[in-house]
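The values are calculated or read from the model by the stated rules, or taken from the named source; none is laboratory data. Note that the coordinates shown come from a computational prediction; the quantities given were computed from them, not determined experimentally. For neighbour counting, all protein chains shown are included, and Cβ atoms are generated from backbone atoms with ideal geometry for every residue, glycine included. Calculation scope for accessible area: heavy atoms of the full protein, side chains included, ligands and nucleic acids excluded. Shrake-Rupley method; radii C 1.70, N 1.55, O 1.52, S 1.80 Å.
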Amino acid sequence: MIQLRTLDCTACGACQNICQNQAVSMVRNKKGFLYPQIDADRCTECGQCLRVCPLEKELMIEQLTEAKVFALKSRNSDLRWRSTSGGAFSELAKIVLKRGGSIVGAAYQQDWSVKHEMINTEEEMDRLRRSKYQQSEMGFLYQKIKEELLKGREVLFCGTPCQAGGLRGYLDKEYSNLYICDFICRAVSSPLLFQKYIQELQEKYGSEIESVWMKNKCKGWHNLSTVINFKNGEQYVSKGRADTYVRLLLLYNMGVRTSCYTCRFKGRNAVSDITLGDFWGLEHLDFDDNLGTSVVMCRTEKGLQLVKQILPNNDILEMEKKDVVKGNPCLVHPLEKSDSREEEFFETLNQFGYKEAYELASNTSNGENIPLESFDDEKYKSITHEKPVYMWGTGACAGQLLTDIPRIQIEGFIDNNRKNKRACIAGNLLPVISPSEIPENAFVIVASTDYYGEIKEQLLSMGRTEVTDFVSWQYVYM
C-alpha cells in the first residue's frame, strides 16, 4: 500500500490530479486542512502519485542568475484600487487574455470557501483579485490546465509557492505557453477557521454575508482593512490588525498549516517564473503614495519577457531582491512556530466556537489583549511629558501598536540584537538603536508581553524608573 507524506503535505493536489483510477481524494482533517487519502480498493500501486509529488522530487527550472525586480503601480486607478497591492497580476493577465489565453487563480465560492478557477475574459478577473486569507482548494484544475496547454493556448497561473510546485510536479515538463506566478506567502490559513469567523459575524449582524474584502484600502494601503458587507445593508469595517481573524493569523500564528513551518519553496527553491506581492518598505520614497505597490520579481527568462510587456504602460522602479526581503522576510524564510497551544486552540474552536478559541489564543482572560479603542490619549501624553518616545521591540507587537494606533509618534526602535540601522514597521521607517544608545531624556514604550520582565530589569539597571521613564505597551490603555 502506497504511503503518501502527511506531516509536510501542502495539499497542492498533484497526486489527486495524476491518479487515473481516482484512488486519491482530498479529505479535511479536524483543523479544516485537506490531506490526500488513498482508496485501497482503487489503488493499483502504480506510484504515479509519488512521482509527481513536489516533496518527493527535485523540481528543476532554469532560473536567472539574479532575479530581476520591479516595484510596479498600475496606471489604471480603478484596477489598482480593486487589487491588494499595485495591480501587477491584473496587468499581466490582460496581456495573456488579449492573446486568447486563460488565467487561473483563487476565487471565493458561494459559501465563502476558496477554490482555484480558470477564467477567459477580463470581466471575470475581479473574482481572482485580492487576498483571500485562507487556503485554496485546487480540485482537478491541473488536468484542465494541461488540456489548455496541449491545445496551444497560453495559461497564466497564480497560486502559493507550494501550489506552483504542485503544478510543476504534475506537468513534469516545461511548457513555453505556461506562465507560473506565485506570491510572497507567509503561510496558508485554515478554511475551517475562516468559516467559524464569518459565522460569528453573521450571528452578530443578524444577516448573511454579501461580500468579503480582506486587505481593503479604504483606510489606505498601509492600514489595510477588513470590509464585510451583509445582505441586510450592514457593514463591518476593521482597520489593520484590529480584526480578530487577522490577529489570529499575523500576531498569534494560529490556524496555520503545519507544512508552512518547513516550507520548501522559499528563496532560490521557488519554482515560479514570477513572484508577486506587496512591496513594503518604500515609505521613504515618493513612489509610495499609500495606494498600493506591487513586487514583481522575475525568476526566469520567460517570466521576464512577459513582464517586459507591461512595463511601458505602468509606473515602475527597478529594485533589487534585498529591497523586497527587508519588508517581506517570508520571501526567503519559513514562518517560525511560536505557540504550543495550537491543538488546544482547534479543539476549542470545534467544541465551543470562534469567540472562545480567539480568547484562548489572545489571552483575553488574563487581560493581555485589551481592546484597541481603549487607548488613552491623555494618559499617554501625561507619561511621555513631551519627551522623545522610543519603542523597544521590532516585532509583531510593535507592528500591531503602530498600525492600529497611529497617534503614537516615536523617534525610533530599540533592539538588543540590532541587525539593521533602520527598520520599516507599519509604515514607520525609523532608526534602530541599541539600549546603550537610548537618549538620556527618552521615554520608552516596551512593545513586548513575553519579555517585559527581562527588559524592565535591564532598564532599571540603567537607572531608568518605571512609569517615569518607561512602561509596557499595555500601560497606555485604560
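Observations on the model:
- Candidate set from segment 205-235 (those that are crowded, with 18+ Cβ neighbours inside 10 Å and in a loop (DSSP other than H, G, I, E, B)); member that is modelled with the highest pLDDT: K217
- Residue identified as at pLDDT 90 or above, of a type in the set (V, I, T) and crowded, with 17+ Cβ neighbours inside 10 Å among I405, I455: I455
- Test: G169 is surrounded by fewer than 20 Cβ atoms within 10 Å (Cβ to Cβ), modelled with pLDDT of 95 or more and either in a loop (DSSP other than H, G, I, E, B) or more than 21 Å from the chain's Cα centre (by Cα) (or both): no
- Scanning segment 69-110 for residues that are within 26 Å of G139 (Cβ to Cβ) and of a type in the set (S, T, Y) yields S83, T84, S90, S102, Y108.
- Scanning segment 173-203 for residues that are open to solvent by 20 Å² or more (accessible area, probe 1.4 Å), in contact with a strand residue (DSSP E or B) (Cβ under 6 Å, 6 or more places away or on another chain) and under 26 Å from V27 (Cα atoms) yields F183, A187.
Quick grid of which residues meet (1) under 30 Å from A357 (Cα atoms); (2) hydrophobic (A, V, I, L, M, F, W, C); (3) open to solvent by 40 Å² or more (accessible area, probe 1.4 Å):
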| position | (1), (2), (3) |
| --- | --- |
| L7 | yes, yes, yes |
| I18 | no, yes, no |
| R28 | yes, no, yes |
| A40 | no, yes, yes |
| P54 | no, no, no |
| E58 | no, no, yes |
| L64 | no, yes, no |
| A67 | no, yes, no |
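- The C-beta contact set for segment 432-448 (first residue touching a residue at least 12 places away in the same chain (Cβ under 8 Å), second residue crowded, with 18+ Cβ neighbours inside 10 Å and of a type in the set (D, E, K, R), distance under 6 angstrom, 6+ apart or interchain) comprises V432/D415.
- Restricted to segment 122-151, and to residues there that are among the hydrophobic types (A, V, I, L, M, F, W, C) and part of a loop (DSSP other than H, G, I, E, B), the residue that is surrounded by the most Cβ atoms within 10 Å (Cβ to Cβ) is M138.
- Counting only strands (runs of 3 or more DSSP E) that sit completely within segment 1-100, those holding 2 or more residues that are in contact with a Cys (Cβ under 8 Å, 6 or more places away or on another chain) correspond to 34-38, 63-74.
- Residue in segment 449-467 that is farthest from L251 (Cα to Cα), counting only those that are more than 33 Å from the chain's Cα centre (by Cα) and free of Cβ contacts under 8 Å to residues at least 12 places away in the same chain: G463
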